[in-house]
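Report on one structure; see the data block that follows.
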């Protein structure tokens, strides 16, 4: 046991030595490998950094590109982009659906065919698989045809492009298919129905007109306009019919107030006794010819057209009389068998492109405010001129009563 | 001629009467229904008398009726007095400028009547009418010479507008004449005036009366002149009242408008009954017997200068200044007498020809007008024949029924036809057939008027002798009646053809894109204020018509057969 006991320390020391050698070797190896790892890592980090730099460079240039694209496309936010994509998909779906429809749209319109033809041609060039048939007639005929065809169960028209005063009856009778066009967002509230049943397409502002050869300075107030010096020299649209003239005056009453209106109309019939004419266009023509010095209630587009042709006339508005404006609106008839084609036409007419074509037709005022066309209203009238939509509710509902009242007051009949 | 008894072909004729009667009465029935229905036909509503009550309550009704009567009676008197005198001079006498008198009234009616009325405003407006401008400049007087914008002014303009119709309706009667009667008059020592008054005038009286009634009805239902001249003058007549309710307002007041139309219809039916009563004594006027040849030229003798002045006066008052003014207006940018020379342009013609649908419209117009003319002349001839020559039971009633559409203003009639073809579906809606239907309805009564005067003048014995010689009824018609009526029938056909082409307004409810006609093009231009383009279009019509007449003349076709010996 003693021998074994004596051997033990030796063994232990040998073992310790071996262990220590191994440990030392191992430790050296570890240190060495740690050193090599450390070198490699720093190399790799460097590589990653370069890559990261590269990536961030790419990302920022991508960002620049995206913002450039967005800027070029006029997109401000991701939500907007999403909306646009959604709309584009909807449009594509609509175009696909329209392809499966009859390929023929019938429009009843009170805007003259010659004035709307180039817009429709552009639409058909864009969608060659849709043929647009435009029936041009006056508002009463549009009303009679659409309402009679519907009650006879023979719907023919897919859309109407009709004066608002007429079309509003269709809306009241629930003849329209509600459709909020993505383009409608660019239109002010008074030019579109909140349910999307109709949207304005062409503006029809009403003004007064004078002959510049005969009158140096037009009357600046309603009081001056009713001065006896104008007796026999004034022509006005017939306000005893319940149409444009009547609705204009009733709407004006609600703008300038009852008492001022009463004194204006009183003085007008007593002092001036205006000649009445059945056609709004004739009023402007007869001032251009010099037969009358002043014309009341004329289409601004007639004045601009005659002026372009060299006629000695100019429009005017007495103080406190805003530019009362009505319009022709576009709407889809609810019985249409081609709703998708019809929606494409609505979109196109309301689009900047469609409105620009309308606004370059002599002389038609586009309804979309941001249209840069030859006859955009902001190029015709001074900036800041007050514009008010007419006819108002009373003018629509009570036009006939007022027409009779004007007749009793002595307007017209002799 | 004994009254014809029931025979198979009579049954056929009655069948035709019933079918035709249905088509004729249908639009009027819709309109009458509209006047007692609380909403437009085809829509839910109830029977009501309120429309008529409203008409009776109208404080202006008396005034309107008075104006209507003065306007219609006055203008027809002017038209008939001048028209028949000119017709007599042009067809029977040795007056100078014969051809000019025959063709100028025809040329003026190629103008839509709205354009003609506008031409008068260019001539006679108090401050800018050329006549008044010239008068005021030359004399220094501040007041105009003529004021167009009065009841008298509009009556005069309408009278002159109607003159071509009066002329064309009375002229054939003067040519179908038994010369021996005049010779007898002359032989018994009558002067020209006496012969005219005692012999000629009484003999053509049926034609004159029928033309007068026609003019009266046309004037009662005329719209353009009352609107263009009357409304600025503050003079309302029945049609301007009806039109403004039916056509200007939205939704249209069908109820009161059709009630007013019913008043018009009643007035016209009274006139037509009067006329029929008058025509019953037809045999008294039959003058074209088998015994004599045609008529001879009457020498005017000492009255020739007077007649020449009359004819020249007419030419210088109506066709020449009117056509010249319209020609000038058609090359103006806008009308202003101070700027006539600086204002010249061809834009109006360019606009007319470049209007998007002019091409299709032109072809459709020819088709529609030719078929309407053929239908109207055929039906009108048969109606006149069976009511005046072979008095078939019901023939008279049929002719009266045929006259009903005449008493309805064109745009109102268009609404009636519109409702008919829409609710009674026989496949006409949206086709040119609807237009042919409307135009035939409107112009068949005119053909009857055109033919009945001359038809009454053909003596029974001509037909009877044909029957004695073994000719059947058809042979009698084709060999005796038709050749004798060729002049009147061709005048009627020409008139209907031109009127259907220029009739603005009746088409607008009935056309579709495929069936669009020239008149709707002009109507659209008129409504958008391009009135001078409409003038240019009207002149193009006139020139085309002139070429057509010249060609026809070369081919031996005469609008009127003036006596040439």
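The values are calculated or read from the model by the stated rules, or taken from the named source; none is laboratory data. From a predicted model like this one, the values you see are computed outputs, not experimental measurements. Cβ atoms come from the backbone with ideal geometry, glycine included; neighbour counts cover every protein chain shown.
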Of A:310, A:232, A:245, the only residue that is surrounded by fewer than 22 Cβ atoms within 10 Å (Cβ to Cβ), within 11 Å of chain B (Cβ to nearest Cβ), over 20 Å from residue B:126 (Cα atoms) and out of contact with any helix residue (DSSP H, G or I) (no Cβ under 6 Å at 6 or more places or on another chain) is A:310
Consider residue B:189 against the criteria (1) outside any helix (DSSP H, G or I); (2) buried (at least 23 other Cβ atoms within 10 Å of the Cβ); (3) at pLDDT below 85: it satisfies all of them except one. Which criterion is unmet?
(2)
Matching residues in segment A:255-275 - criterion: being buried (at least 22 other Cβ atoms within 10 Å of the Cβ) and touching a helix residue (DSSP H, G or I) at 6+ places or on another chain (Cβ under 7 Å):
A:274, A:275
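Looking at segment B:455-465, is at least one residue out of contact with any strand residue (DSSP E or B) (no Cβ under 8 Å at 6 or more places or on another chain) and either modelled with pLDDT of 80 or more or buried (at least 23 other Cβ atoms within 10 Å of the Cβ) (or both)?
Yes, segment B:455-465 contains a residue that is out of contact with any strand residue (DSSP E or B) (no Cβ under 8 Å at 6 or more places or on another chain) and either modelled with pLDDT of 80 or more or buried (at least 23 other Cβ atoms within 10 Å of the Cβ) (or both).
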Restricting segment A:140-166 to residues that are in a helix (DSSP H, G or I) and more than 9 Å from every other protein chain (Cβ to nearest Cβ), which is nearest to the chain's Cα centre (by Cα)?
A:164
Criterion violated by residue A:357 - all others in (1) in contact with a strand residue (DSSP E or B) (Cβ under 8 Å, 6 or more places away or on another chain); (2) at pLDDT 95 or above; (3) under 21 Å from residue A:110 (Cβ atoms) satisfied:
(1)
Against the definition (under 27 Å from the mean Cα position of the chain (by Cα) and over 27 Å from residue A:109 (Cβ atoms)), how does residue A:255 come out, yes or no?
yes
Out of all the residues in segment B:262-274, is one or more out of contact with any strand residue (DSSP E or B) (no Cβ under 9 Å at 6 or more places or on another chain) and within 12 Å of chain A (Cβ to nearest Cβ)?
no
Do we find that residue A:90 is under 30 Å from residue A:361 (Cβ atoms) and either outside the structural domain of residue A:136 (by TED's automatic domain parsing) or surrounded by 14 or more Cβ atoms within 10 Å (Cβ to Cβ) (or both) in this structure?
no
Selected residue (criterion: nearest to the other protein chains (Cβ to nearest Cβ)) from residues of segment A:81-124 that are within 25 Å of residue A:302 (Cα to Cα) and outside any helix (DSSP H, G or I):
A:112
Checking the condition surrounded by fewer than 23 Cβ atoms within 10 Å (Cβ to Cβ) and either within 27 Å of the chain's Cα centre (by Cα) or part of a helix (DSSP H, G or I) (or both), which residue from B:133, B:141 passes?
B:133
Which one is farthest from residue B:523 (Cα to Cα) among residues in segment A:121-137 that are buried (at least 20 other Cβ atoms within 10 Å of the Cβ) and free of Cβ contacts under 8 Å to residues at least 60 places away in the same chain?
A:134
Inspect all residues belonging to segment A:406-413 and state whether any of them is within 14 Å of another protein chain (Cβ to nearest Cβ), out of contact with any helix residue (DSSP H, G or I) (no Cβ under 8 Å at 6 or more places or on another chain) and either under 30 Å from residue A:122 (Cβ atoms) or touching a residue at least 40 places away in the same chain (Cβ under 8 Å) (or both).
yes
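Each row is one residue, and each column tells you yes or no for (1) within 12 Å of chain A (Cβ to nearest Cβ); (2) touching a strand residue (DSSP E or B) at 6+ places or on another chain (Cβ under 9 Å).
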residue: B:512; (1), (2): yes, yes
residue: B:515; (1), (2): yes, no
residue: B:525; (1), (2): yes, no
residue: B:529; (1), (2): yes, yes
residue: B:532; (1), (2): yes, yes
residue: B:538; (1), (2): no, no
residue: B:543; (1), (2): no, no
Residue that is nearest to the other protein chains (Cβ to nearest Cβ) [pool: residues in segment B:324-336 that are surrounded by fewer than 19 Cβ atoms within 10 Å (Cβ to Cβ) and out of contact with any strand residue (DSSP E or B) (no Cβ under 6 Å at 6 or more places or on another chain)]
B:328
Can you run down the residue pairs with Cβ atoms below 7 Å, 6 or more apart or on separate chains, where the first is in segment B:539-565 and closer than 24 Å to residue B:84 by Cα and the partner is modelled with pLDDT under 65?
B:549/B:559; B:563/B:294; B:563/B:295
Give B:474, B:446, B:451 a once-over and let me know the one that is part of a helix (DSSP H, G or I) and free of Cβ contacts under 8 Å to residues at least 24 places away in the same chain.
B:474
Inspect all residues belonging to segment B:237-244 and state whether any of them is facing another protein chain (nearest Cβ under 8 Å), modelled with pLDDT under 85 and not in a loop (DSSP other than H, G, I, E, B).
yes
Filter result for the condition that a residue is out of contact with any strand residue (DSSP E or B) (no Cβ under 6 Å at 6 or more places or on another chain) and either in contact (Cβ under 8 Å) with a residue 60 or more places away in the chain or outside the structural domain of residue A:160 (by TED's automatic domain parsing) (or both), over A:46, A:117
A:46
